[in-house]
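The values are calculated or read from the model by the stated rules, or taken from the named source; none is laboratory data. Source: prediction; values computed, not measured. Note: areas computed on protein heavy atoms with side chains; ligands, DNA, RNA excluded. Shrake-Rupley method; radii C 1.70, N 1.55, O 1.52, S 1.80 Å.
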Amino acid sequence: MTGDAEQVGAPPPTERRSDTGVVPTPTMPDQGPTPAPMVRKSRFTGAKRRSLVRGFVSVAVVLAAWEAAVRIFEPSTVIIVAPSAIPPAFWALAETGELWTHFRVSMKQFLLGYGLASALAIPLGLWMGASRRAHDYGDPWLTALYATPNVALAPLFIIWLGFGDVSHIAIIALVAFFPVIINTIDGVHAVERDLREVGIAFRANKREVFALVDLPGAMPYIFTGLRLAMARALVGIVVADLFGAQAGLGYLILTSAQLFATADVFVGVLILAALGVGLTWVLRVLQKKLTPWQIEVKAQV
């Protein structure tokens, strides 16, 4: 038993004896460590491809069912139009330049309002999340204003700021502000206490703990708030155009509905929907770039 154990645990011989003398045993060349197979990346790519295919199939099935229902039941075009009637309406509005005017006005108001809301909500949310005193002072106001219907406050903005772009930008910023700040606060609160204690154990001061632990830990929540706020800001475009607008996608939708131009209504609605899909995709890509550790955690799960 002892001899077998020694044979099993002994290193492989580097030479052997023969009739002509000692002959070195050929050994395998040093090939270095074997690279790990790229299984994780290929699996992620396959899952992403399947998700895209399922999304396209879902949209195609709904559009086909919509087209078939309109052709079979033939409802009035005032009530609803087939999907095939929307592209001609789009081109008609685009050729006259009317569509681009509305699009340009709405995008300017959207970008300024959404940017203003993000610039205010993220720092304020980080402060309220990191400071218990700031949270105690600000939380009652935050809860009360978030529960207030934004449409009810929109006329006040018109009275205070007039009928121009400023009031519309303020309305869009108002509806986009709360999802960002609430998610930012929750993100700071969700950071594990053990991580902060590790930073303190390495003699990090409060500013370093905030910059190296709290802020990176809250980033996924901040992006979630930005995505929710983006959708609400697109709705805010229509809400703002309810009050004294002269141009914009919301104005196009409202005036087209009053003129019973249902195809034009769908043009405005689908443009807002496409903006929502496209901007959400941009935010997801940006989140993957800025929070790569979250992708690794999901892949391990």
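Okay, here's what the table says:
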quantity	calculated
Net length gained if the chain between residue 47 and residue 202 were fully extended (0.36 nm per residue, minus Cα distance)	51.8 nm
The range 246-284-the range 102-135 distance, computed between alpha-carbon centres (Å)	23
Accessible heavy-atom area order of 72, 172, highest first, probe of 1.4 Å	72, 172
Under the Karplus curve 6.51 cos²θ - 1.76 cosθ + 1.60, θ = phi - 60°, whole-Hz ³J(HN,Hα) for the range 282-293, x wherever Gly or Pro sits	4, 5, 5, 4, 5, 5, 5, 6, 8, 10, x, 5
Per-residue SASA entry for residue 131, accessible area with 1.4 Å probe, Å² rounded to 10	30
Extension gain (nm, one decimal) between residue 59 and residue 145, 0.36 nm per residue minus Cα-Cα	27.3 nm
Residue 194 - accessible surface, heavy atoms, 1.4 Å probe, Å² rounded to 10	100
Hull shadow area, averaged, the range 188-233 [alpha-carbon convex hull, nm²]	3.3
